[in-house]
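Asker: Just dropping this structure here.
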Amino acid sequence: MKRLIILTVFTTVTMGLFAQKTMTAPAGGKLISDELIGIFFEDISSAADGGLYAELVQNGSFEYSPSDRDGWGPGTAWRTIRPGHSLGYMEPRMDNGIHPNNPTYMRLHVERVKEYYDYRGWKGFGIQNDGFDGFVVKEGAKYNFSAFFRNFGEGKQVRVALIEQQRQQGFRPADPKVLADTTFVVNSTSWKKYETELTSAADSKNAVLQILVLNPGSLDIDMVSLMPQDTYKGHGMRKDLAQALADLHPKFMRFPGGCVVHGGGDGFWNTYRWKTTVGPKEQRRGLKNTWGYHQSMGLGYYEYFQFCEDLNMEPLPILPCGVSCQGTNGGWGMKDQAQDVVPMSEMDEWVNEALDLIEWANGDVNTKWGRIRAEAGHPKPFGLKYLGLGNEERISPEFIERFKYMYERVTKAHPEIVIVGTAGPGSHPGNRDYEAGWKLADELGVPILDEHYYEPRNYFLDSRQYDKYPRDRKTKVYLGEYAAKDKKLIDALAEGLYLLHVERNGDVVAMTSYAPLFARKNATNWNPDLIYFDNERPFLTCSYYVQQFFGESSGQYYYGDCVTFEGDAAGVQQPVEKALYGQSVVLNTKTRQLFVKICNAGAEAKKAKVDLSRFKGMKKMMKKTVLTGQPEDENNYEQQPIAPKSETIKAQKKMTLDIAPYSFVMLQIAL
């Protein structure tokens, strides 16, 4: 007999993955994590500067160098301009800069300012920034310009202009199309920040920023910025890209990497240190990016935590633990991948890095780091719950020694923090690092272990890896990086089928996040990615929509026996090993929503019989959403053939659904 029962929920050592209170749910449900779907942000493929971080100016701090990329330097993304036949030159300097973390600036030497009649009043000597393939600006939109200046001699007029470049006709210089401009006087003989507002008079897809000095003499400039006023919740994130993430309904965000965490293949000098990313932006230390460009740290830890708050996500920061990436010095190609390690006598510095981060995130304003957070604009603690130590390092004896050292000291000081460890770079049973990582986690009682793997679609179609995991193990799984190795619809459906398997094992798997998250057009380091973008819009992949299904349908209880497929043997619970179709029913007791998900990754249509008789109080109507197409379809910059389609239909306790080939179907029912 179907009936309602009272289930008392007991937490495991994951401390906070499941709600600690009495819930009412129909019989037959299995308690699962309601934080299964999150996002992983790594600055790869220009995901931050030129991407989610809304800053329009590239290399505004003049800190680009050949260490970032061959041929780069302080003048990268800048050019000199001298309308009216003005004369001068720019000189990069590093003496007496704004801050030791930001030593490079540009000195503008203006020798002559002349107005040549063909320029019709356009004169001066200065510099122009083309941004990231130009700026896209909107008519009536407001942009905040700021820069630090230091003057020598008499005060100087400086003209700041947002223009659209025009083609030159013959020998006559082209008249610039002025979208916005302003002039102010710089007379401070020490570094001073100057700010103004520019309002664009027209739409433009190819705007640039010009800074013109209108008087002879010398002038220093640094930290040039042009930021749209209209950013996501006013916190500096590009609105359309941030909204694309919000629409995934993620429950957490892992940051900053990935290999970015420990400097990739470059060594400890290039290790990401969170403390240099939370202060005033002119005091932050930029880094060579692991993926071959520069990170300004405009999107640093402060912006990350703020963004998590804006999207109601749990932050999951990842800190290095005294061991370099095994890719250092070409280690990826070595049989026994090389690792550089911090001497044990210096490990307290790395322990303190973790302890100070917890204080910065959670401490009140009377603590040292809590006060620094408050001074940045957020007096209320962020409420950090999770902290990752290490990122897919080879689980060598040196790593084990250093991880233990950090883990024991951090958990002793902060037993309330849920530590996430690592299972190495290839997280499949039998892999050497995987086995060593799990042995270490079992020994220490690590609450969550981070697994990573990228595989061809057939792996995700065929594998049921988590069915075989011990149910009595204290350590839960975080599948922190995974993806099928293509971006066609069939790849997304393979991932969807696998996520149904993960959801069914939601008592073992606590979290998942697809990777990589973002890739900029013409600056892509890795394929596939979840969201591609250019200066105008995001391009959502088939995999994005599958992730969205699962993010929308989070819940606390899984039911595996509400959906059966015609032709299956009686009593067989789907999905079965190597089946190309699968299902799940998830109940969210907090929102009183019921979700039925069915994936058909095969070429034959299926009939699914759905029985929801045990769920009481169903509303009369429900939402049905379908994602379908041809298996080789994919969304790209030219066309987006694949997108989910929704309709409202009558809700029924019992129904039979026709599931088309190569499709994903979700029913959403209010209770």
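Asker: Could you check the range 476-576 for strands (runs of 3 or more DSSP E) lying wholly inside it with 1 or more residues that are closer than 30 Å to L56 by Cα?
Answerer: So the answer is 476-484, 518-520, 531-533, 538-540.
Asker: Please specify each residue of the range 141-164 satisfying the condition of being under 20 Å from H99 (Cβ atoms) and open to solvent by less than 20 Å² (accessible area, probe 1.4 Å).
Answerer: S146, A147, F149, R150, N151
Asker: Additional query: Quick check, is D450 acidic (D, E) and part of a helix (DSSP H, G or I)?
Answerer: Answer is no for this residue.
Residue-by-condition table, conditions (1) open to solvent by 30 Å² or more (accessible area, probe 1.4 Å); (2) among the hydroxyl-bearing types (S, T, Y); (3) in contact with a Leu (Cβ under 8 Å, 6 or more places away or on another chain); (4) at pLDDT below 95:
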| residue | (1), (2), (3), (4) |
| --- | --- |
| D529 | no, no, yes, no |
| F533 | no, no, yes, no |
| R537 | yes, no, no, no |
| T541 | no, yes, yes, no |
| Q547 | no, no, yes, no |
| G551 | no, no, yes, no |
| S554 | no, yes, yes, no |
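Asker: Can you spot a residue in the range 84-103 that is among the polar types (S, T, N, Q) and at pLDDT below 95?
Answerer: yes
Asker: Would you pick out the residues in the range 450-485 that are open to solvent by 10 Å² or more (accessible area, probe 1.4 Å), in contact with a helix residue (DSSP H, G or I) (Cβ under 7 Å, 6 or more places away or on another chain) and touching a residue at least 60 places away in the same chain (Cβ under 8 Å)?
Answerer: L461
Asker: Next question, about the same structure. List every residue pair whose Cβ atoms sit under 8 Å apart, with the two residues 6 or more apart in sequence or on different chains, where the first one lies in the range 134-151 and is outside any strand (DSSP E or B) and the second, anywhere, is at pLDDT 95 or above and of a type in the set (G, A, S).
Answerer: Final answer for the pair search is G134/A207; K138/S200; E139/S200; E139/A201; E139/A202; G140/S200; A141/S200.
Asker: Next up: Does K138 satisfy the criteria of being open to solvent by 70 Å² or more (accessible area, probe 1.4 Å) and either farther than 24 Å from R285 by Cα or not basic (K, R) (or both)?
Answerer: Answer is yes for this residue.
Asker: Sticking with this one: Within the range 394-409, can one find any residue that is touching a residue at least 60 places away in the same chain (Cβ under 8 Å), under 30 Å from L311 (Cα atoms) and of a type in the set (D, E, K, R)?
Answerer: No, the range 394-409 contains no residue that is touching a residue at least 60 places away in the same chain (Cβ under 8 Å), under 30 Å from L311 (Cα atoms) and of a type in the set (D, E, K, R).
Asker: Here's a check for you: in the range 629-671, which residue that is free of Cβ contacts under 8 Å to residues at least 40 places away in the same chain and under 27 Å from the mean Cα position of the chain (by Cα) is surrounded by the most Cβ atoms within 10 Å (Cβ to Cβ)?
Answerer: Among those residues, the one meeting the criterion is P641.
Asker: Residues in the range 498-512: is at least one hydroxyl-bearing (S, T, Y), in contact (Cβ under 8 Å) with a residue 40 or more places away in the chain and open to solvent by less than 10 Å² (accessible area, probe 1.4 Å)?
Answerer: Yes, the range 498-512 has at least one match.
Asker: Considering only the range 242-256, how many residues are assigned to a strand (DSSP E or B) and open to solvent by 10 Å² or more (accessible area, probe 1.4 Å)?
Answerer: Going through the range 242-256 one residue at a time, the tally reaches 0.
Asker: Quick one: would you say H428 is under 16 Å from K476 (Cβ atoms) and either of a type outside the set (S, T, Y) or at pLDDT 95 or above (or both)?
Answerer: no
Asker: Still on this structure, please answer the following. Residue under question is V610, and the condition is that it be in contact with a Ser or Thr (Cβ under 8 Å, 6 or more places away or on another chain) and surrounded by 12 or more Cβ atoms within 10 Å (Cβ to Cβ); does it hold?
Answerer: The answer is yes for V610.
Asker: Return the residue satisfying two criteria in turn: it lies in the range 558-615 and is basic (K, R) and modelled with pLDDT of 95 or more, and of such residues it is farthest from T24 (Cα to Cα).
Answerer: That would be K606.
Asker: Tell me whether the range 277-289 contains one or more residues that are closer than 30 Å to Y105 by Cβ, part of a helix (DSSP H, G or I), at pLDDT 95 or above and open to solvent by less than 30 Å² (accessible area, probe 1.4 Å).
Answerer: Looking for residues that are closer than 30 Å to Y105 by Cβ, part of a helix (DSSP H, G or I), at pLDDT 95 or above and open to solvent by less than 30 Å² (accessible area, probe 1.4 Å), one finds at least one in the range 277-289, hence yes.
Asker: It is to be established whether one or more residues within the range 231-241 are within 30 Å of E451 (Cβ to Cβ), part of a helix (DSSP H, G or I) and open to solvent by less than 30 Å² (accessible area, probe 1.4 Å).
Answerer: Within the range 231-241 (the criterion being within 30 Å of E451 (Cβ to Cβ), part of a helix (DSSP H, G or I) and open to solvent by less than 30 Å² (accessible area, probe 1.4 Å)), the answer is yes, since at least one residue qualifies.
Asker: Check E111 against each of (1) within 35 Å of the chain's Cα centre (by Cα); (2) open to solvent by 20 Å² or more (accessible area, probe 1.4 Å) and name the one condition it does not meet.
Answerer: Every listed condition holds for E111 apart from (1).
Asker: Something else about it: Just need a number here: residues in the range 476-535 that are within 27 Å of L587 (Cβ to Cβ) and of a type in the set (G, A, S).
Answerer: Matching residues across the range 476-535 total 7.
Asker: Same structure, new question: Yes or no: K488 out of contact with any strand residue (DSSP E or B) (no Cβ under 9 Å at 6 or more places or on another chain), touching a residue at least 12 places away in the same chain (Cβ under 8 Å) and among the basic types (K, R)?
Answerer: Yes: the conditions hold for K488.
The values are calculated or read from the model by the stated rules, or taken from the named source; none is laboratory data. In this text, all values refer to a predicted model and were calculated from it rather than measured experimentally. Positions of Cβ are backbone-derived with ideal geometry, glycine not excepted, and every protein chain shown enters the neighbour counts. Side chains included, ligands, DNA and RNA excluded: accessible areas come from the protein's heavy atoms. Shrake-Rupley method; radii C 1.70, N 1.55, O 1.52, S 1.80 Å.
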